[in-house]
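Structure, as structure tokens:
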Amino acid sequence: QSWETKEDEARTYFQQLINAVDFCHGTSVYHRDLKPENLLLDTHGVLKISDFGLSALSQQEDGLLHTACGTPNYVAPEVLRDQGYDGRASEIWSCGVILFVLMAGYMPFDEPNLISMYQKNSKADFTCPSWFSSGSRRLIQRILDPNPLTRITVPEILQDKWFKKRYKPPQFEQEEDVNLDDIDVAFNDSKQENLVTKRKVKPVSMNAFELISRSQSFCLDNLFEKQMNSKRHHLAKRQTSFASQCPPNEIISKIEDVAKPLGSNVDKRNYKMKLKGDKSGRKGQLSIATEVFNCCLTFFYY
């Protein structure tokens, strides 16, 4: 097997690893122990990340993780400084070490004791083998940057010339895709109504049964859902509810004030509002439909 073939194979696995890590980070999940031993391949050569036993969510006010953990050879320097660390940046470092191992067959930082190892990785004291291509060498050097603030990010990796060679963007399951028709259907009722009537004086009233039926915790539809447990996260992403004592006009205005600076196109009719992002991200186009309901004299649900 030629070196070019080995590099292509390593790149393919690294591309899948970055896709998987990017997905986890998109849900604020940090694995914290990325290494080859925790990577699996199925019969089709698709890479899977396993063993989330040390994984964590960032729950601190500063948005950082504060528990030092992981396998020393793959841990970023900032993890061991006991000052808090950015889970995204630290795991990019681990991915870089994995890429080095896939291509070289040995670890860039492998010393007989932890102190020596830390001294080397804190200075990025490593040498790429002569058979590394110039593109892979440059990318690894940008990943194994001891400074997490200047270390390359996932979006930058996705634009790297070496990385993009024969790159296949991830295909998400159909149930995870945003169906823009659902947004339009939720909005069309008030569209027709707006053609013949002026803006309503107040939002539609909602009785107790309607309020309960709209709550996902008590949704009667779930009684007939065969795979309820597997779809809870999907349902949570599709519908979220809030309660407020602010006037309905103020609720609509506040949502609009937040949405417009983010580049969302806003369409309002009565007390319904449709928000659509002006561009598609890696996971599709963000679209939101919202409506304000009156639950009692001073209580509004949206």
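A few remarks follow.
- Taken residue by residue, the stretch 52-71 has at least one member that is at pLDDT below 90, buried (at least 19 other Cβ atoms within 10 Å of the Cβ) and touching a Gly at 6+ places or on another chain (Cβ under 9 Å).
- Of the residues ASP145, ASP51, ASP110, ASP125, the single one that is on the phi > 0 side of the Ramachandran plot and part of a loop (DSSP other than H, G, I, E, B) is ASP51.
- Beta carbons closer than 9 Å, at least 6 apart along the sequence or on distinct chains, pair a first residue in the stretch 27-44 that is surrounded by fewer than 16 Cβ atoms within 10 Å (Cβ to Cβ) with a second that is outside any loop (DSSP other than H, G, I, E, B) and of a type outside the set (A, V, I, L, M) for THR27/HIS233; SER28/GLY87; PRO36/TYR74; LEU40/LYS48; LEU41/TYR13; LEU41/LYS48; ASP42/LYS48.
- Pair list, Cβ < 7 Å and 6+ apart or interchain, from the stretch 99-121 residues that are within 28 Å of ILE157 (Cα to Cα) and in the same structural domain as LEU39 (by TED's automatic domain parsing) to residues that are among the β-branched types (Val, Ile, Thr) and crowded, with 17+ Cβ neighbours inside 10 Å: LEU99/ILE140; PHE100/ILE140; MET107/VAL97; MET107/VAL101; PRO108/VAL97
- Out of LYS276, LYS237, sole residue that is surrounded by 15 or more Cβ atoms within 10 Å (Cβ to Cβ), modelled with pLDDT under 80, within 21 Å of the chain's Cα centre (by Cα) and closer than 26 Å to ASN19 by Cα: LYS276
The values are calculated or read from the model by the stated rules, or taken from the named source; none is laboratory data. This one's a predicted model, so the numbers in the text were calculated from it and none came from an experiment. Glycine also receives a Cβ, built like all others from the backbone with ideal geometry; neighbour counts cover every protein chain displayed.
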